[in-house]
Structure formats: structure tokens, C-alpha cells
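Report on the following structure.
The values are calculated or read from the model by the stated rules, or taken from the named source; none is laboratory data. Treat the numbers as computed from the prediction; the structure is a model and nothing was measured. FYI the Cβ positions are ideal-geometry reconstructions off the backbone, even for glycines, and counts take in every protein chain you see. Heavy atoms of the whole protein, side chains included, go into the accessibility calculation; ligands, DNA and RNA do not. Shrake-Rupley method; radii C 1.70, N 1.55, O 1.52, S 1.80 Å.
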Protein chains: 2
Amino acid sequence: MALYVQKFGGTSVGTVERIQAVAAKIKSFRAQGHDIVAVVSAMSGETNRLLGLANGLSDNPSPREIDVLVSTGEQVTIALLTMALQELDCDAKSYTGDQIKILTDSAHTKARIKDIDVKTLQADLHKGRVVVVAGFQGVDEHGNMTTLGRGGSDTSAVAIAAALKADECQIYTDVDGVYTTDPRVVAQARRLNKITFEEMLEMASLGSKVLQIRAVEFAGKYRVPLRVLSSFVEGEGTLITFEGDHKMEQPVISGIAFNRDEAKLTLVGVPDIPGAASRILGPVSAANIEVDMIVQNVADDKTTDFTFTVNRSDYQQVTRVLESVAVDLGAQAVRGNDSIAKVSIVGVGMRSHAGVASRMFDALAAESINILMISTSEIKVSVVIEEKYLELAVRALHTAFDLDSENDIE
Amino acid sequence: MALYVQKFGGTSVGTVERIQAVAAKIKSFRAQGHDIVAVVSAMSGETNRLLGLANGLSDNPSPREIDVLVSTGEQVTIALLTMALQELDCDAKSYTGDQIKILTDSAHTKARIKDIDVKTLQADLHKGRVVVVAGFQGVDEHGNMTTLGRGGSDTSAVAIAAALKADECQIYTDVDGVYTTDPRVVAQARRLNKITFEEMLEMASLGSKVLQIRAVEFAGKYRVPLRVLSSFVEGEGTLITFEGDHKMEQPVISGIAFNRDEAKLTLVGVPDIPGAASRILGPVSAANIEVDMIVQNVADDKTTDFTFTVNRSDYQQVTRVLESVAVDLGAQAVRGNDSIAKVSIVGVGMRSHAGVASRMFDALAAESINILMISTSEIKVSVVIEEKYLELAVRALHTAFDLDSENDIE
């Protein structure tokens, strides 16, 4: 007898048949005596269909009205899933974010959850009902509908699990867990039974699309046990744990993340004066461009080269910004490369193992892959390489860190 | 400077382009200094699409969840129309039925409005905003979403107009007003500039699809001036007035309504005993079948024939009910006819003009049309005829009552 918050994403509820399958899955948990709160996304494609209508009306539609519009997507799903549950004689009731008072700030289209009133949820659970809640949405203190931004349903589920002190928050998706790396790139990639919260946070921020980083952060803050499972395949999935919770013996690294959507810019020959970095990044930030890795090389005693990476879609815009900065700062040139990729090894084990970075560089050197940039944190090492070497690099690292083996690496 | 509540139906907001046209129309009223509350339906086809999803899940979906599901249709439209208005620099804000507290009873899918809190609406109007409200929907005292049933957006608009004491409630639709009869049947049919509330009520109940009868009743109860206009063609439309409001000289009849969806059943040789009528209609009513016209003929001194009409879709079911009633009552036989139609002449003028009914019967006799049943009220005479004569009858009556003429018949 446990309380589970189960989140089903857009592909898991994409058709009437899939909604029926989700209902059957929930009913099987009920049959085992568990209490269930189901948090659902819009049916796949629906949010984009609605945004398409809005874009037909305005290049810059009001964020308040966007939220009114797109929150209908989840509202449709809660009604349909509740009907499907009732059809299986499983008592159920639907709620919008407004109806169970998922209180957020007023930052439309990217609101943050401030509070959840669990009284209604608890009363229904007490009556033996499955509670079906619209993910992604909330309400501000003035009664305006808000949404949490892309992937916000994961965050809704974790927040509800935290508020209800649920035993586990289960994220059902179209993959059956978190893998050592993308199985489409490395055939030997294997599902992890467990991953620490910090590793998951790095994996999410480094390009693994399994979980939204905000949801992982939220789970960490409230220590909500989080599990990623497949809606379509039976299995244990991957449990995101807190470091103290499981055995101290760690593999050196748990996974390899990568991201193709990167571009790199270098301002060459920047006068080495105080405040140069902020004069470079200030205008970039003012243009709403997010910077990822930053490296500064001292070229000689008077000038430095300043290099950073951005999302590839920002490449043209940031180049224009930098050209104007270069004139302003008296830098020599702007150089760029928009066919790079980032590869990262992640693992809490590297804290206690020396030489992880050099083992990584050796593995890449053995394949003649040139490293363009390096960035490290306590539990990850990221390198930027030319995009054409990406798959080769990921496979080489997967082997070099013994992730191909059949051993249980939980 | 007036306050108008303007209701736009599903075809009026059926595409992004039509929503833009509605926004332009509203803006032109704003430019004349009028305050506008816009009440909108779901985009045409959307409600049926949603119900189709529900029917894929259950033969008998929960009414509460149906309301959660279908109320998304209007919610999409309010967001889109508000965006379209803002794009024209017309300040606007959207509200669901819940957000402006359109309080209803808890009869899901056919709720009735109990109260509307106008404070929010008035505050926005005071700020010079167009208020865009989702029609068809409300909220019960427990916070559950409710809907008002088919055509409920008309009722929403009239109720909001009543609550705000609006100068006029304007129903924009795909016809340009109320006609003397259906122009598809009588080419000479003409738009009425005015029609009395009572005539409109009869026309609506007799099969004219222009306005929902509940909305007309609501308008009558609160004396809301109601106007029917086209969303697509400029014009004055038809104003529904209250009898005292306009000149006493009335045309004898204002319009001819008709309805094809009729079937007629006769229980022959019913013993003429007290309570026979209730023993016949009780089981019919218990089967949720609505009876329209009822006629009882005394055949001889011991038995009567009992005839009534129902909606044609109920014909098979009511026949089965009557066969069992016939046995119970000792009646001789059940006879039925499901290819009949009802034609009605409507006009407050007939109160003061004798011989209206006989003029009607003469006109039909002149075309050799046999009258199967007759029913009268103070301002209408209805006859049941064989369906094949329907168009001929309507044209003959349109001419007999001088409705073909070009005279202004307001």
C-alpha cells in the first residue's frame, strides 16, 4: 500500500487506445492496493496544433491568452482518462490546475509553482478515487491560468508528489529508463537501474531528454523519489536516488551525455583589461542568448582569446552581437564554428577516482579526435569536439569507461 | 455609447480568418464608443470532435467529465479572439465561465444559470476593455465545470446581458435575421425587422433554428432586447421586442414555422374511462419521450381515439411502449405515421383578427392538402399534414397571409 504520483506524457496519451492502456495500468496499481494520482500532458501534437492557431493570429500573442489556449490540451486529457478509468469501474475524478489550486507566480508560459493545496486531493484519495490532474498548468493569485513551460507536466507531478509526500513519483514516457548513453548512437548502451540525483541533473542539463531539468531540481529540493519508466514496456525503469540512500561503491562514471545543438564563438585578441568578460557577455545576455561553456586563454601578456558556446540556433544573432563588441573592445577578430558538439561523462564516482579526465582524453586521442574546449565540474567532464566525430567519441568513451559490460552497474 | 453583449456562434469563429473578421467587427463598435462583451462558442466542429473522442472511450461517459472535456472548445475560442483583438490594438481579456463565476446548478451537460457575478466584467469594461467570455459553460457551487446544453451560448449571452443590464444582446449567426419562413422553401420569404418576444418563442419552439428557445425565454423573463444578425453580411437583422414596445398595428401573422421531424401515433378504441390519458402518456414520459401535440376524438359513447405526435427519432421506441399500453388498457389497436410534418402560422395579430384559422384551412384545402391534426394557441395555429405536402403548404400559406408582398411588415 503506497501512494504513487504517476505522470503520463503526450505520446502515452496520444490516442484513445493509449489512454485506455494507461487506464488499465492505473487500475492494476489500484488492484494492488496503491493510491494513485495521475498527472497527464496534452495528447501528442495538441499543444503544437493550438500554438499554430495562435500564430495564425499574431506574431506575438499575449502570454496570458496563450496559457488560456494551451491549457485546454491537458484539460481534454484529464476528462478522457477519467472516463476511461470509470469505464473500467475504477472510481476517478479529474481536476484542472485551477481546481486543485496549483498556485504559481504570474509569469505566463513559464510560471513557477509556489504552493499546492492538497486537501481536495487527499479527500478524494481517502474515498478510494484515482485523482487525475492536468499537468503543466496552474493558477496565479488573481485566478489567471498559467502554464509551467515545456515539459512542465514533469514538474507538476514532482510538485504534487512532494506536497502529498508520495512514496514515489513515476514518470511514464516512451523510453524505459535512463541509459548509459543514447542507444541510437551506442548499441551497447544499457539502462541504469539507479542514478543519483546529481548525475541525473547533469545528464538532463547536458542533453539527455528523458527528464526536464526543472523537475529533477524540484525532486532534489524536496527529496522526492523519482522513477522513469516506459508506458509501453513493462519494467522497473530507472530510480533517481539521493546519494546517501544507496551503496557507496560507485562506478566511475554512470553515463555519457551529448548535445549536437552547439556553436562556438571566439573573440580573438581581446585586450587583457579588467571587465573585458562582462563587456563581452553583457550584450550577449541582453540579447536573451544563453551561454553555456566559457573558456578564456591567455594568448600573450597583453591580449586574451575569449571563447564560449551557445545553442546553435542563436549562432547568427550572437555573431552579429560579437562583431559590434569586437569594435567596442578593440579585439582583433570574431571566429565561429557552428558544427561542433559537446560530449560529457557524468558520475558521482569520479569524485573519488583520480585520472578520470585524462582517461577520457586518452580515449579520444586514441581515435584522433581533437578536443576544442574542456569544462569540468565535480561530477562531470565535458569536451567540445567537431560534430562529425560525435558518434565515434561517444562509442569510444562508452567502451573506455566499461559501460559496454553486462555487469549490473546500478 | 451603449453596452452591447455580442454572441458569435461556431460558424462565425470557425477559422482563424473568421475570428479575425469578428475582431474587426468588435473593434468597429468600440470605435463608435460602445462597450462590448463578446460571448463565443467553440469553433464549428470542435464540440463534435471532442464528443467523438469521449464516445471512443465509453458508451455512457460521466456527464461531469463530458463538461470538463467540451468546455475546452469555448476556452480555445476566447483565447484566440482575445489575441485577434489585441493584434488590432483593441484592449481585451478572456474569461472562462468559472473565472467570471457564471454560477449554475449541478445538472451536468444541461445546467441552468443561477447567478452571474458582474464585478469582474464591470471592472474590465470600465478600463475600456473588450471582455471575451466563453459561452455555454459555467461552474457549480462546488467548483465543478458545467455546460448549458446545445445552443447554450445564446443563453449565456442573454444571461450576461440581463446581469449587466446591457442595451442590447446581439446574436451573430449565419443568417441575417428571422424570416417569415425558411427562404430555402419559399423564395419570397422576407426578413422581419422586428418580431415580438412571444412570436419568437413560438417560432423557436416550432422549429425555426435561428435562436435557442431557452435563450428567448431568458430574454423574455428579464426583458433583454435581443437582436439576431449575420456575422457575414452587414444589416440590421431582426429585433425581438416586447409587445408594448412597438406600434399596435400588427400584421395578422408574422411568420410560418415548420418541422419535418415529426411522427404521429394513434391508440384506437381506448375505453372512455377517467385516467386513460395519464395511463397512456405516463409510460411514454417514463421512457423520456417528449410528446408534442395531443388530440382526443370521441369515436362513440364508449371508446375514444387518442392521438399524439413525437419527434420522429422516438417513433420506434414509442410504438413499442404503446403496444404494451394498448394491452393494458384494452385498446383496439396502435396506428402510426412517421412521414408527417407540422406547419404553423404565428402572429400576435391573430388575437384581434377572427377567422385566421379558417383562412389557413381554406388555403390548404385549395391545394387539396388534408389536415391530419390541429392545435392552436393564442398566437399560433399548427396543423399536421403529410410530409410530402410540406413545401406546397408553406408556400400556399405564405401567399395567403400576404407575406410575399414587398411591404414593410415590421
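Just a few scattered comments:
- Net charge of Cβ neighbours under 12 Å - reference residue A:229; Lys, Arg +1; Asp, Glu -1: -1
- Label-point separation, residue A:112 to residue A:302 (7 Å along Cα→Cβ), nm: 4.6
- Looking at the stretch B:3-174, the DSSP beta bridges with both ends there are about 25 percent antiparallel.
- Cβ-defined net charge surrounding residue A:128, 13 Å radius [Lys, Arg +1; Asp, Glu -1]: +1
- Length gained on full extension, residue A:141 to residue A:371, computed as 0.36 nm times the residue gap minus the Cα-Cα distance: 77.8 nm.
- Debye, to nearest 20: dipole size of the stretch B:309-371, +1 on Lys, Arg Cβ, -1 on Asp, Glu Cβ: 200
- Copy-to-copy label distances for residue B:313, where each label lies 7 Å from Cα along Cα-to-Cβ, are 4.6 nm in order of increasing length.
- Fluctuation leader among B:371, B:78, B:213 - chain B, Gaussian network, Cα springs under 10 angstrom: B:371
- Think of chain B as having a plus end and a minus end, set by charges on the Cβ of Lys, Arg, Asp and Glu; of B:42, B:257, B:139, B:139 sits farthest toward the positive end of this dipole.
- Label-point spacing for residue B:376 across the identical copies (point 7 Å from Cα in the Cβ direction), in nm and ascending order: 10.4.
- Charge dipole magnitude, Cβ of K and R +1, D and E -1 - chain B, Cα centre, debye nearest 20: 600
- Chain A shape via C-alpha gyration tensor axes, a/c threshold 1.5: oblate
- Dipole of chain A, positive end: most advanced residue of A:86, A:148, A:379 [Cβ charges, Cα centre]: A:86
- For the protein assembly as shown, the solvent-accessible area of protein heavy atoms averages 42 Å² per residue (probe radius 1.4 Å; ligands and nucleic acids excluded).
- Listed pairs B:7/B:342; B:114/B:221; B:110/B:380; B:194/B:388; A:165/A:380 exceeding 20 Å between Cα atoms: B:7/B:342; B:110/B:380; B:194/B:388; A:165/A:380
- Cα-centred dipole magnitude for the stretch A:26-69, charges only on beta-carbon of K, R (+1) and D, E (-1), debye, nearest 20: 260
- Within-11-Å neighbourhood charge of residue A:167 [Cβ basis; K, R +1; D, E -1]: 0
- Buried on complex formation within the stretch B:76-95 (loss of at least 20 square angstrom of accessible surface versus the isolated chain, 1.4 Å probe, ligands and nucleic acids ignored): B:76, B:79, B:80, B:83, B:86, B:87, B:93, B:94.
- Scalar couplings 3J(HN,Hα) for the stretch B:8-16, obtained by applying the Karplus form with A = 6.51, B = -1.76, C = 1.60 to θ = phi - 60°, are 10, x, x, 6, 5, 10, x, 9, 4 Hz; x denotes Gly and Pro.
- The antiparallel fraction among DSSP beta bridges confined to chain A stands at about 65%.
- Computed helical MRE - 222 nm, the protein assembly as shown, DSSP H runs ≥ 4 contributing -39500 (n - 2.57), nearest 500: -11000 deg cm²/dmol
- Using the Cβ-Cβ distance between residue B:236 and residue B:388 with R0 set to 30 Å, the FRET efficiency works out to roughly 0.20.
- Nearest to the axis that brings chain A onto chain B is this chain A residue, judged by its Cβ, with the distance in whole Å: A:72, 2.
- Listed residue (B:232, B:398, A:330) projecting farthest to the positive dipole end of the protein assembly as shown, Cβ model: A:330
- Distance between the pseudo-spin-label points of residue A:290 and residue A:277 (7 Å out from Cα toward the beta carbon): 2.0 nm.
- Prolate is the label for the protein assembly as shown, because the ratio a/c of its alpha-carbon gyration tensor axes (a ≥ b ≥ c) is 1.5 or higher and a/b is greater than b/c.
- Near residue A:107, the amide H atoms lying under 5 Å from its own belong to A:112; only residues 5 or more places off or on other chains count, and H is placed 1.01 Å from N.
- Straight-line cross-link partners of residue A:25 among the aspartates and glutamates, defined as a Cα under 17 Å from its Cα and at least 8 positions apart when in the same chain: A:17, A:35, A:87, A:89, A:91, A:168, A:174, A:176, A:234, A:236.
- Counting DSSP beta bridges with both ends in the protein assembly as shown, the antiparallel % (nearest 5): 65
- Carbon + sulfur, % of accessible area of the protein assembly as shown - ligands and nucleic acids excluded, 1.4 Å: 47
- Buried accessible area, chains A and B (both chains, 1.4 Å probe, Å² to nearest 100): 3200
- For the stretch B:3-174: rounded, prolate or oblate by the Cα gyration tensor [a/c cutoff 1.5]: oblate
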